[in-house]
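Peer 1: Structure below; questions to follow.
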Amino acid sequence: MSIFTLVKIAVRALFRNRMRTFLSVLGIVIGVAAVITMVAMGEGSKKSIKEQMTAMGTNAITIMPNQSRRGGVQMDASSSTETLEEEDVIALRKEATYIDAVSPLISVGGQAIVGNNNSPTSLSGVSADYLKIRNYEIADGVMFDDEADRMAKVCVIGQTVVKNLFPDTDPIGKTIRYKSIPLKVIGTLKTKGSGDFGQDQDDVIFTPYQTVMKRFGSTIKIRQVLANSIGEGYAEKATEEIMGILKERRNWTKPTDPFRVFTQEEMIQMVTSTSDMLSLVLTAIAGISLLVGGIGIMNIMYVSVTERTKEIGLRMAIGARGRDILLQFLIESILISLLGGAIGIGIGIAASEIVKNVMNWPMSVSVTSIVVSFGVCFATGVFFGWYPARKASRLDPIEALRFE
Amino acid sequence: MGTETVHALRGVSFDIHNGEFVTIMGTSGSGKSTMLNILGCMDRPTSGHYILDGEHTEKLKRDALAKIRSQKIGFVFQSYNLLSRTSAIENVELPLLYNPAISAAERHHRAVEALKRVGLEGRMNHLPNQLSGGQQQRVAIARALVNDPVVILADEATGNLDTRTSYEIMMIFQELNRQGKTIAFVTHEPDIATFSSRTITLRDGLVKKDVINTSVQDAKAALEALPPPEVFDEE
């Protein structure tokens, strides 16, 4: 009996029980559509995080104090043995050859106030190089100079802050108050959009780091230093060099590193591994619904075999071999699951488009997920159809014919 | 389903020759069904031989038996056993589906021919539930004919039919036998046996009688002798 004939018989049998077929197909449709949409969601968010981080500057390197651990317990950050100092920044700027920009980053939380307007923006103490590291550009006015504006009460603000504090005036030359300290606006930044974690990258106020350290509290220390490697592929060398310079300044002899140095690449990996985990969980949930769909098929096939015992007996009496019966039922279950798969993929893609356009969620339908779900459907059909089909093929024709 | 072994047939031995029309009679429990199952290659004798068309069948495997059923045997059942919601022509084509040597066109052609032989060429696309009992049984006979078997096995083929329709069916069997078909017909109705050329009677698993019927009745004549039907014709 040819496969074509078998498929024809199976299609006819499925058509005869339209409602039942529809319901068992539905289980698979929901499963597959869920898988496609969930994977698209996970992939989409991963992709957009990557894009945003790349926009932030692929060559950026972050240096942070190494938190000391004792017996696996992370100790309080203040107990960290080493702190970054201004001299470290100066040494890196002077000695390192694989980096072309370096800046401390000290953040202070608070409100910026101008008259009746306020903006809940954190204040970032940086050096002029920070613009280069983070790919900011000056829109109007100038950036402060590390030497000339040392400890000066000046600032450069992002467009969100401009909108909040100066809705209808030119901010250049005006003064904002931050924690009662007046800062004169000397420049504004070009719009950059939202950042890696959805934060507004235009909601920033930059001021010289010395200003923050000296005027906003004597205990403020440099918690983070950012650098920019001279180009793609130099991140590793730059990391080694930075660590070397920092150790040398301290005559470091301990086996553990005093600081942690991340390249942007590593940051991307860290963030995407979180989102990978999320994808995995979503896909697992979707996979469970596919499993439930498969069990639905098995149930239907069992009912079908029992209901058609007499038909099976007749087919055997007129010459069908066990193999023919097995294939007939197996093909039926495979058809159900593949049909469900095809419809599910269609619905999954449509749902992803809707989520993308209506809810503005980044979605990316992956070809892999389509191919894999189709393969899984086929496997589901074979796996859950096998046992009922085998039961059918092993019936005794005499008893099957006598079955009422 | 008990564990006790019952020998439904014991020491039965007979030959059915090519072109014979044999009826096998017996009360229930006489071994009729077991006999038919063995003749139909659905079951194998625990001992002894069954030679069909020169082939020993008692040692064959399931698949080989299926092949013999597909090519050498035509079954007609008491309850017709047509596939529901499947047209007459497709029901008749069914046995040929399991013979890979036959093409789709050949299958269709043969099915049409078989339906013509039972006088149903006008009902080819009807579904079983649109046909009368007699017509359904004629579709079943066409299905048994379509693979050109060496023997047609009928199991109480008139058991569900009234006298008139039974005679109509017997008419078809007699016509097929005249054309050279070998027929083994299991029945418990003595008047049906009178249409055959030989009757084997079983009792308690043994052949009680095996007689050649010297005065075979003609089903057509018997049908005409019946009082005319009072109700309107089923056609």
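Peer 1: Working carefully through the options A:Ser103, A:Ser124, A:Ser107, find the one that is at pLDDT 90 or above, assigned to a strand (DSSP E or B) and touching a Lys or Arg at 6+ places or on another chain (Cβ under 9 Å).
Peer 2: Exactly one of A:Ser103, A:Ser124, A:Ser107 is at pLDDT 90 or above, assigned to a strand (DSSP E or B) and touching a Lys or Arg at 6+ places or on another chain (Cβ under 9 Å), namely A:Ser103.
Peer 1: So which residues in the range B:1-36 are within 14 Å of another protein chain (Cβ to nearest Cβ) and exposed (fewer than 10 other Cβ atoms within 10 Å of the Cβ)?
Peer 2: Correct list: B:Met1, B:Ser28.
Peer 1: Does A:Asn118 satisfy the condition of being within 27 Å of A:Val261 (Cβ to Cβ) and either modelled with pLDDT under 90 or of a type in the set (A, V, I, L, M) (or both)?
Peer 2: Answer is no for this residue.
Peer 1: If you check A:Lys356 against the conditions, is it surrounded by fewer than 22 Cβ atoms within 10 Å (Cβ to Cβ), basic (Lys, Arg) and within 14 Å of chain B (Cβ to nearest Cβ)?
Peer 2: No, not satisfied.
Peer 1: Pick from the range B:131-187 the residues that are of a type in the set (Ser, Thr, Tyr) and assigned to a strand (DSSP E or B): which of them is farthest from B:Asp15 (Cα to Cα)?
Peer 2: B:Thr187
Peer 1: Something else: Select from the range A:285-308 the residues that are surrounded by fewer than 18 Cβ atoms within 10 Å (Cβ to Cβ) and within 12 Å of chain B (Cβ to nearest Cβ) and list them in ascending order.
Peer 2: Within the range A:285-308, A:Glu307 is the sole residue that qualifies.
Peer 1: From (1) facing chain A (nearest Cβ under 10 Å); (2) on the phi > 0 side of the Ramachandran plot; (3) acidic (Asp, Glu), pick out the condition that doesn't hold for B:Glu90.
Peer 2: B:Glu90 satisfies every listed condition except (2).
Peer 1: Follow-up. Can you tell me which residues in the range B:102-138 are within 11 Å of chain A (Cβ to nearest Cβ) and of a type in the set (Gly, Ala, Ser)?
Peer 2: B:Ser103, B:Ala104
Peer 1: Of the residues that make up the range B:135-151, is at least one out of contact with any Asp or Glu (no Cβ under 6 Å at 6 or more places or on another chain), within 23 Å of B:Ser28 (Cβ to Cβ) and in contact (Cβ under 8 Å) with a residue 60 or more places away in the chain?
Peer 2: There is at least one residue in the range B:135-151 that is out of contact with any Asp or Glu (no Cβ under 6 Å at 6 or more places or on another chain), within 23 Å of B:Ser28 (Cβ to Cβ) and in contact (Cβ under 8 Å) with a residue 60 or more places away in the chain.
Peer 1: Being within 14 Å of chain B (Cβ to nearest Cβ), buried (at least 22 other Cβ atoms within 10 Å of the Cβ) and assigned to a helix (DSSP H, G or I), is that true of even one residue in the range A:329-345?
Peer 2: yes
Peer 1: Of all residues in the range B:70-108, which are surrounded by fewer than 17 Cβ atoms within 10 Å (Cβ to Cβ), of a type in the set (A, V, I, L, M) and either outside any helix (DSSP H, G or I) or in contact with a helix residue (DSSP H, G or I) (Cβ under 6 Å, 6 or more places away or on another chain) (or both)?
Peer 2: B:Ala101
Peer 1: Could you list, in sequence order, all residues of the range A:317-328 that are among the aliphatic types (A, V, I, L, M), facing another protein chain (nearest Cβ under 7 Å) and part of a helix (DSSP H, G or I)?
Peer 2: A:Ala317 - this is the single residue of the range A:317-328 that is among the aliphatic types (A, V, I, L, M), facing another protein chain (nearest Cβ under 7 Å) and part of a helix (DSSP H, G or I).
Peer 1: State which residue is surrounded by the most Cβ atoms within 10 Å (Cβ to Cβ) when the search covers only the range A:120-130 and only residues that are of a type in the set (Gly, Ala, Ser) and under 20 Å from A:Leu92 (Cβ atoms).
Peer 2: Filtering first and then ranking leaves A:Ser127.
Peer 1: Same structure again: Residue pairs, Cβ under 9 Å, 6 or more apart or interchain, first in the range A:123-141 and assigned by TED's automatic domain parsing to the domain that holds A:Val154, second of a type in the set (Lys, Arg) and buried (at least 17 other Cβ atoms within 10 Å of the Cβ). List them.
Peer 2: Short answer, once both residue conditions are applied: A:Val126/A:Arg134; A:Ser127/A:Arg93; A:Asp129/A:Arg93; A:Arg134/A:Lys192; A:Asn135/A:Lys192; A:Tyr136/A:Lys192; A:Glu137/A:Lys192.
Quick grid of which residues meet (1) among the aromatic types (Phe, Trp, Tyr); (2) modelled with pLDDT of 85 or more; (3) buried (at least 16 other Cβ atoms within 10 Å of the Cβ):
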{"site": "A:Met213", "(1), (2), (3)": "no, yes, yes"}
{"site": "A:Ile220", "(1), (2), (3)": "no, no, yes"}
{"site": "A:Val225", "(1), (2), (3)": "no, yes, yes"}
{"site": "A:Glu232", "(1), (2), (3)": "no, no, no"}
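Peer 1: Considering each of B:Leu65, B:Leu39 in turn, give the residue that is out of contact with any helix residue (DSSP H, G or I) (no Cβ under 8 Å at 6 or more places or on another chain), closer than 30 Å to B:Ile212 by Cα and within 14 Å of another protein chain (Cβ to nearest Cβ).
Peer 2: The match here is B:Leu39.
Peer 1: Would you point out the residue of the range A:131-150, among those that are closer than 14 Å to A:Pro104 by Cα and touching a helix residue (DSSP H, G or I) at 6+ places or on another chain (Cβ under 9 Å), that is surrounded by the most Cβ atoms within 10 Å (Cβ to Cβ)?
Peer 2: A:Asp146
Peer 1: Residue under question is B:Leu9, and the condition is that it be under 21 Å from A:Asp324 (Cα atoms) and part of a loop (DSSP other than H, G, I, E, B); does it hold?
Peer 2: No; evaluated as a whole, the condition is false for this residue.
Peer 1: Return the pairs, sorted by first residue and then second, in which the second residue is among the basic types (Lys, Arg), the first residue lies in the range A:392-404 and is within 8 Å of another protein chain (Cβ to nearest Cβ), the beta carbons are less than 8 Å apart, and the residues are 6+ apart or on different chains.
Peer 2: A:Leu401/A:Lys310
Peer 1: Tell me which residues, restricted to the range A:18-51, are within 25 Å of A:Ser333 (Cα to Cα), crowded, with 18+ Cβ neighbours inside 10 Å and not hydroxyl-bearing (Ser, Thr, Tyr).
Peer 2: Within the range A:18-51, A:Val25, A:Gly27, A:Ile28, A:Val29, A:Ile30, A:Gly31, A:Val32, A:Ala33, A:Ala34, A:Val35, A:Ile36 qualify.
Peer 1: Turning to a different aspect of this structure: Please go through (1) modelled with pLDDT under 90; (2) closer than 21 Å to A:Phe4 by Cα for A:Leu327 and return the number of the only condition it doesn't satisfy.
Peer 2: (1)
The values are calculated or read from the model by the stated rules, or taken from the named source; none is laboratory data. Given the structure is predicted, the values throughout are model-derived calculations rather than measurements. All Cβ positions, even for glycine, are placed from backbone atoms using ideal geometry, and neighbour counts span all protein chains on display.
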